[in-house]
Amino acid sequence: MNWHSMPREKVLEKLKVNTERGLSSTTAAQRLIQYGKNKLKEEKKKSVVFKFFSQFKDFMTIILLIAAGVSFFAALIEKKGDYLDPIIILFIVVMNAVIGTFQETKAENAIIALKKLSSPKCNVLRDSTNKLVPSEEIIPGDIVILSAGDLVSADCRLLETNNFCTKESSLTGESSSVKKDANLTLKENIPIAELKNMALSSSIVISGHAKAVVVETGMNTQVGKIANLISESENPKTPLQQKLEKTSKVLGIIVIAVSLIVFVLGMLQRIPFLEMLMISISLAVAAIPEGLIAVVSIILAIGVRKMSLHKAIIRKLPAVETLGSATVVCSDKTGTLTQNKMTVTRVIFGTLQVNKGNPEYEKILTFATLCSNAKLDEKNKNVAVGEPTETAIVEAFGKLGKSQEDLINKYPKIKEIPFDSKRKLMTTVHKLPNGKYRVITKGAPDVLLNICDLYNGKPMSSRSRDEIVNKNESMAQEALRVLAVAYKDVDSIGNEKEIEKSLNFCGLLGIIDPPRKEAKDAVKRCKEAHIKPVMITGDYVITAKSIAKELGIFEEKDKAITGPELEKMDDKTLEKEIFNYSVFARVSPEHKVRIVKAFQKNGAVVAMTGDGVNDAPALKAADIGCAMGKTGTEVAKSAADMVLTDDNFSTIVEAIRQGRGIFENIRKTVHFLIASNVGELITILSAFALKLPTPLLAIQLLWVNLVTDSFPALALGVEPIDKNIMKRPAVKREKGLFSKTEWTNVAIEGAFIGIVSMLAFSIGRIFFDNLNPVPKIGRTMAFMVSSLSQVVHSINLRSDKSIFRISLFSNMKMVFSFLVCIILQTIVVSIPALSAIFKASALNFNAWVIVLLLSFSPLILVEFEKAFNRRKIDD
């Protein structure tokens, strides 16, 4: 219901309440049952068990579980008691699920954080008596008394106001306080920021006092609607999740198809059923990179630690990679691109700018400070408490090294005419040491000029008046909030109407929430990285455009649009035009979500930064939500994927650089693992096609996939970031993990590893096993070459450049993993107890020479491949 568009009397009539008596206890109890408690709905959390079992939905995991079941069934039929293969497969699957459960984000705490914004007690009129009632028990119709410092617990229609101002930055995102007026009756469809006759839940009373009637509670409040948006917003799958899921399905389908074809062909050739079953299982195990999910999770976890060193705390693991794919950064203005602190940036004496050190600069700030109710903090003299515009003035005075307390004692205030939205002025009267009185007035320049007769102690000419008006307009166009200051000295205080007359115009103050110093450079770096920066704010469009121009967000061909204009635009038109806009002003939380989704519909990967409650739904809807750690609300932090601990917009640019580096390393890792598994698949298939014994057993394949593949894969995951990575465009969402050329390279490299492994098996079987039906030496040589050639291949994938052009020791973890894998592989075939488990045999000198020569051969192939690709690019 639009309570703001109704006169006070009609609101009271609808709610059936008397302003002098309030509700009776009996009526209050009945309404509490009718409306429910004044609290927000809690989101149902997923149990640990649910999270654990949800890890088994991955396509490749399902195939592995089937392989384990078939392997167990085969061992049961054979009655050999050899359950090692199914046990190892199950162990791998369970460990992957445990890691996934551990890394998965905790359930969203946004709703709980929103609940914390509720005031524990509220001053309510019931049974004609003022009572402190728990905020949860407030109901529509309650008459509440609000004073400076109170946190508003429900949406209220104001009935009486006296210099009543609230701060609604947590709802609207704007740092300036809002002057409220109970006498207003507003239009129906207006933005939250313009509800001047309402006190909204979660806002803070900055000054004055008011009487109001509660009109909405719980989920029906404005903050409740935001809570609904948060719970309704789904976290989109990250680009990496989409690409890995796609890759997983393709691999899974290939595995099933190949395994079934081989099984059917084997049965047609009358190969024993159990033997074909085990060959099919070997194929499945060979083709599936079992360590992929775990390795990617660990690389992301390492990325989380790295980012924390750069003051970016990752709350949701996949967000690390998503940052690297970001193509649009939607940023809230207040507190993100700006300092969230109103500051005096310009002091004008007459029409000339004056700076610190000029006597007129000090005079104007002194007069403005006397005509303010804000107070400097006793402990921190650089910080003032009060209405934001006045705190800016008082803090500027404090920076002069003057004592506000001494000033007040020297010129005691004996009268005040509070600021009024109709008059647009505030006046104070101070007693001077000589017994006279000084009247100081500050307010809107256009209004104040009308009551000024003097200018710098002389009669004001029409020319001077025009110059001041022009100066005011030029400052306003720069998005400055302009206040004029005037004064006069009198012998006595006359009639109140006479006080604000015949004043001496003193000067102008330009106040703004200034941009962060580092934000401009961050915006520039975003554009260099082919990322579109966008400002989304609840502020006025002139202010937003001015700040955006100063930062470099808004350029000549860009457009700006307001919330009311967005309302008139349908989704299709918005999606079509979205990239033409760089500034969105006077927007609501619903608009922010709509803007994010419009960019996403165009294939953009959207990062959204913000700090207020009003940002939370968009933070959750975005591909990557970035909240501010210092000034950000708990709601924003809870809805975000990442928290910037230094509240520095430029930190997100560094986080994007890190994210791109991590994505590139994950791509290298997946390339390596798939090429390795293709090699194993080729080895098994070629042996089957040639009607030869299986060259690699399931347990040997599992060892290669989990041990000698995983260490190099992890080392690739921490490869140093390319210095030119931010000069390239981000990888598009619709683009797969690899290009067609890269898939070809994966296939060629995998086939080569398979061929050299098969060659090792054939040499061992013919020359060392003497064609024995159980080719132990041949299998051991194939096992060794398959493992070691993959370790060598991991070095190839460190860079697109020749390995002879990069430093061998720039990634010491790769050197370490290379040595560890060679040692482990040697131990497995050399120690009898282990070689018995892996069905391997010790090799003689000649066999070792052959193994090493074949294992290092991928280096030569990939060097030719890189040279060919470089020549292709040059052409």
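The values are calculated or read from the model by the stated rules, or taken from the named source; none is laboratory data. As the structure is a prediction and not an experimental result, all values here were calculated from the model. All Cβ positions, glycine included, derive from the backbone under ideal geometry; neighbour counts span all protein chains shown. Surface areas here come from the heavy atoms of the whole protein model, side chains and all, with no ligands, DNA or RNA. Shrake-Rupley method; radii C 1.70, N 1.55, O 1.52, S 1.80 Å.
Condition (residue is modelled with pLDDT of 90 or more, farther than 30 Å from residue 630 by Cα and open to solvent by less than 20 Å² (accessible area, probe 1.4 Å)) applied to the stretch 234-246: is it met by at least one residue? The answer is no; no qualifying residue exists. When every residue of the stretch 625-640 is checked against the conditions, none turns out to be under 28 Å from residue 478 (Cβ atoms), of a type in the set (S, T, N, Q), in contact (Cβ under 8 Å) with a residue 60 or more places away in the chain and surrounded by 21 or more Cβ atoms within 10 Å (Cβ to Cβ).
Please specify each residue of the stretch 147-177 satisfying the condition of being hydrophobic (A, V, I, L, M, F, W, C), open to solvent by 20 Å² or more (accessible area, probe 1.4 Å) and outside any loop (DSSP other than H, G, I, E, B).
The one that is hydrophobic (A, V, I, L, M, F, W, C), open to solvent by 20 Å² or more (accessible area, probe 1.4 Å) and outside any loop (DSSP other than H, G, I, E, B): 151.
Scanning the stretch 524-560 for residues that are among the small types (Gly, Ala, Ser) and within 17 Å of residue 335 (Cα to Cα) yields 538, 544, 546, 548. Of the helices (runs of 4 or more DSSP H) lying entirely inside the stretch 760-875, those containing at least 3 residues that are open to solvent by less than 60 Å² (accessible area, probe 1.4 Å) and touching a helix residue (DSSP H, G or I) at 6+ places or on another chain (Cβ under 6 Å) span 776-796, 812-830, 845-874. For the stretch 734-759, the set of residues classified as surrounded by 14 or more Cβ atoms within 10 Å (Cβ to Cβ) and touching a Lys or Arg at 6+ places or on another chain (Cβ under 9 Å) consists of 736, 737, 738, 742, listed by residue number. Of the residues making up the stretch 512-530, at least one is open to solvent by 10 Å² or more (accessible area, probe 1.4 Å) and closer than 30 Å to residue 488 by Cβ.
Among 28, 113, which is modelled with pLDDT of 85 or more, in contact with a Lys or Arg (Cβ under 9 Å, 6 or more places away or on another chain) and not aromatic (Phe, Trp, Tyr)?
Checking each option against the conditions leaves just 28.
Could you say whether any residue in the stretch 536-555 is of a type in the set (A, V, I, L, M, F, W, C), closer than 27 Å to residue 655 by Cα and open to solvent by 10 Å² or more (accessible area, probe 1.4 Å)? Yes, the conditions are met somewhere in the stretch 536-555. Residue pairs whose Cβ atoms lie under 6 Å apart, sitting 6 or more positions apart in sequence or on different chains, and linking a residue in the stretch 337-350 that is in contact (Cβ under 8 Å) with a residue 24 or more places away in the chain and open to solvent by 10 Å² or more (accessible area, probe 1.4 Å) to a partner that is hydrophobic (A, V, I, L, M, F, W, C) and not in a strand (DSSP E or B), are 342/392; 343/392; 344/392; 344/396. Of the listed requirements (1) under 17 Å from residue 516 (Cβ atoms); (2) surrounded by fewer than 18 Cβ atoms within 10 Å (Cβ to Cβ); (3) hydrophobic (A, V, I, L, M, F, W, C), residue 579 misses just one: (1).
To keep it simple, each residue is scored yes or no on (1) touching a residue at least 40 places away in the same chain (Cβ under 8 Å); (2) out of contact with any Cys (no Cβ under 6 Å at 6 or more places or on another chain); (3) aromatic (Phe, Trp, Tyr).
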| residue | (1), (2), (3) |
| --- | --- |
| 816 | yes, yes, yes |
| 834 | no, yes, no |
| 850 | yes, yes, no |
| 861 | yes, yes, no |
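If you check residue 817 against the conditions, is it farther than 17 Å from residue 748 by Cβ and in contact with a Ser or Thr (Cβ under 8 Å, 6 or more places away or on another chain)? Taking the combined requirement at face value, the residue satisfies it. Here residue 605 does not fit the description of being in contact (Cβ under 8 Å) with a residue 40 or more places away in the chain, open to solvent by less than 50 Å² (accessible area, probe 1.4 Å) and within 23 Å of residue 169 (Cβ to Cβ).
Taking the stretch 275-308 on its own, how many of its residues are more than 29 Å from residue 667 (Cα to Cα), at pLDDT below 75 and open to solvent by less than 50 Å² (accessible area, probe 1.4 Å)?
So the count comes out to 2.
Within the stretch 678-695, does at least one residue satisfy the condition of being surrounded by 24 or more Cβ atoms within 10 Å (Cβ to Cβ), in contact (Cβ under 8 Å) with a residue 60 or more places away in the chain, under 23 Å from the mean Cα position of the chain (by Cα) and assigned to a helix (DSSP H, G or I)? No. Scanning the stretch 705-727 for residues that are part of a helix (DSSP H, G or I) and either in contact with a strand residue (DSSP E or B) (Cβ under 7 Å, 6 or more places away or on another chain) or at pLDDT 85 or above (or both) yields 711, 712, 713, 714, 715, 716, 725, 726.
For the stretch 712-769, the candidate set comprises residues that are among the hydroxyl-bearing types (Ser, Thr, Tyr) and under 36 Å from the mean Cα position of the chain (by Cα); within that set, the residue that is nearest to residue 860 (Cα to Cα) is 744.
List every residue pair whose Cβ atoms sit under 9 Å apart, with the two residues 6 or more apart in sequence or on different chains, where the first one lies in the stretch 696-708 and is over 13 Å from residue 840 (Cβ atoms) and open to solvent by 10 Å² or more (accessible area, probe 1.4 Å) and the second, anywhere, is part of a helix (DSSP H, G or I) and not basic (Lys, Arg). Pairs found: 706/88; 706/92; 706/294; 707/787; 707/821; 707/824; 707/825; 707/828.
Counting only residues that are closer than 24 Å to residue 147 by Cα and not aromatic (Phe, Trp, Tyr), give me the strands (runs of 3 or more DSSP E) lying completely in the stretch 351-436 with at least 3 of them.
413-420, 425-431
In the set 401, 386, only one residue is among the small types (Gly, Ala, Ser), farther than 30 Å from residue 627 by Cα, over 25 Å from the mean Cα position of the chain (by Cα) and at pLDDT below 90; that residue is 401.
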